[in-house]
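Chemist: I have a structure here, written as structure tokens, and I will follow up with some questions on it.
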Amino acid sequence: MNDQINDKKALFLDRDGILNIDKAYVYRFEDILWVEGIFELIHFANTHGLLVVVLTNQSGVAQGMYQEADVIKLHAEMKKFLEARNLRVDDWFYCTEYYSERRKPRPGMMIEASNKHNIDLSQSYMIGDKPTDVLDIIGPKTFLLKGNYPLDEIEKTKTAEIFTSLEEILERLKKEIN
Ligand SMILES: [Mg+2]
């Protein structure tokens, strides 16, 4: 019998466009430019009882642009860089395939994270920069950062709140978490 209670809260983060500037198919640490406000956001989560979990589609692997080993190496380097600044990302999930239940907007990666870390999705938050970061399940509140991708559909359907900076998203999050 599974008597685990999912009682943890998480801040789910898309990677490209949220942690690092989305320059399309980034896979080397030397190409990482951190998005303004990301350190403050992670720090807030670390100090307010939120797990920080990255969920990233990496179909560049399926397309042969880089290897899964590159993704693993890059995440290890990003983690090390953050840890040197006392910032903690608790886990990194990536999907290398196009046709997968794990590929956002499908919920596979998020469900996996929830099972692994006992996360209550209804008490959690997702931050992304694309309509596909609004996951197709009853789950976290979603905050989208306006960046490289059109969000007109989201504006119409109001399935997520839209912001123009991570600083604004942090202010919004502070209203939720005390
Ligand atoms: Mg993105």
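Chemist: Taking HIS75 as meeting all but one of (1) free of Cβ contacts under 8 Å to residues at least 40 places away in the same chain; (2) in a loop (DSSP other than H, G, I, E, B); (3) under 14 Å from the mean Cα position of the chain (by Cα); (4) more than 14 Å from the ligand (Cβ to nearest atom), write down the number of the exception.
Modeler: (2)
Chemist: Looking only at the stretch 10-39, filter to residues that are surrounded by fewer than 16 Cβ atoms within 10 Å (Cβ to Cβ) and free of Cβ contacts under 8 Å to residues at least 24 places away in the same chain; which one of those is farthest from the ligand (Cβ to nearest atom)?
Modeler: GLU30
Chemist: Return only the number of the condition from (1) touching a residue at least 60 places away in the same chain (Cβ under 8 Å); (2) within 19 Å of GLN123 (Cβ to Cβ); (3) of a type outside the set (Lys, Arg) that ILE42 does not satisfy.
Modeler: Checking ILE42 against (1) touching a residue at least 60 places away in the same chain (Cβ under 8 Å); (2) within 19 Å of GLN123 (Cβ to Cβ); (3) of a type outside the set (Lys, Arg), the one that fails is (1).
Chemist: Yes or no: ILE138 crowded, with 18+ Cβ neighbours inside 10 Å and either at pLDDT 95 or above or of a type in the set (A, V, I, L, M) (or both)?
Modeler: Working: crowded, with 18+ Cβ neighbours inside 10 Å: no; either at pLDDT 95 or above or of a type in the set (A, V, I, L, M) (or both): yes.
Spelling it out, it is not the case that ILE138 is crowded, with 18+ Cβ neighbours inside 10 Å and either at pLDDT 95 or above or of a type in the set (A, V, I, L, M) (or both).
Chemist: Somewhere in the stretch 79-88, is a residue touching a residue at least 40 places away in the same chain (Cβ under 8 Å), within 16 Å of the ligand (Cβ to nearest atom), buried (at least 18 other Cβ atoms within 10 Å of the Cβ) and not acidic (Asp, Glu)?
Modeler: No, the stretch 79-88 contains no residue that is touching a residue at least 40 places away in the same chain (Cβ under 8 Å), within 16 Å of the ligand (Cβ to nearest atom), buried (at least 18 other Cβ atoms within 10 Å of the Cβ) and not acidic (Asp, Glu).
Chemist: A further question follows. Which count do you get for residues in the stretch 112-133 that are buried (at least 20 other Cβ atoms within 10 Å of the Cβ) and either away from the ligand (no atom under 16 Å from the Cβ) or at pLDDT below 95 (or both)?
Modeler: Going through the stretch 112-133 one residue at a time, the tally reaches 5.
Chemist: Moving on to the next point. Out of all the residues in the stretch 43-55, is one or more touching a Leu at 6+ places or on another chain (Cβ under 8 Å), part of a loop (DSSP other than H, G, I, E, B), among the aliphatic types (A, V, I, L, M) and within 14 Å of the ligand (Cβ to nearest atom)? Give the derivation first.
Modeler: Start the filter on the stretch 43-55 by keeping residues that are touching a Leu at 6+ places or on another chain (Cβ under 8 Å), which leaves 43-46, 50-55.
Right, trim to part of a loop (DSSP other than H, G, I, E, B) and you get none.
Scanning the stretch 43-55 turns up no residue that is touching a Leu at 6+ places or on another chain (Cβ under 8 Å), part of a loop (DSSP other than H, G, I, E, B), among the aliphatic types (A, V, I, L, M) and within 14 Å of the ligand (Cβ to nearest atom).
Chemist: What's the total number of residues in the stretch 41-98 that are in contact with an Asp or Glu (Cβ under 8 Å, 6 or more places away or on another chain), of a type in the set (Gly, Ala, Ser) and within 15 Å of ASP16 (Cα to Cα)?
Modeler: Going through the stretch 41-98 one residue at a time, the tally reaches 1.
Chemist: If a residue has to be within 14 Å of the ligand (Cβ to nearest atom) and either touching a Pro at 6+ places or on another chain (Cβ under 9 Å) or among the small types (Gly, Ala, Ser) (or both) to count, how many in the stretch 134-169 make the cut?
Modeler: 9
Chemist: Let me ask something else. Scan (1) away from the ligand (no atom under 12 Å from the Cβ); (2) out of contact with any His (no Cβ under 8 Å at 6 or more places or on another chain) for the single condition ILE177 breaks and write down its number.
Modeler: Looking at each condition in turn, ILE177 falls short on (2).
The values are calculated or read from the model by the stated rules, or taken from the named source; none is laboratory data. The model shown is predicted, which means the values in this text are computed figures rather than measured ones. Glycine gets a Cβ as well: all are built from the backbone with ideal geometry, and neighbour counts include every protein chain shown.
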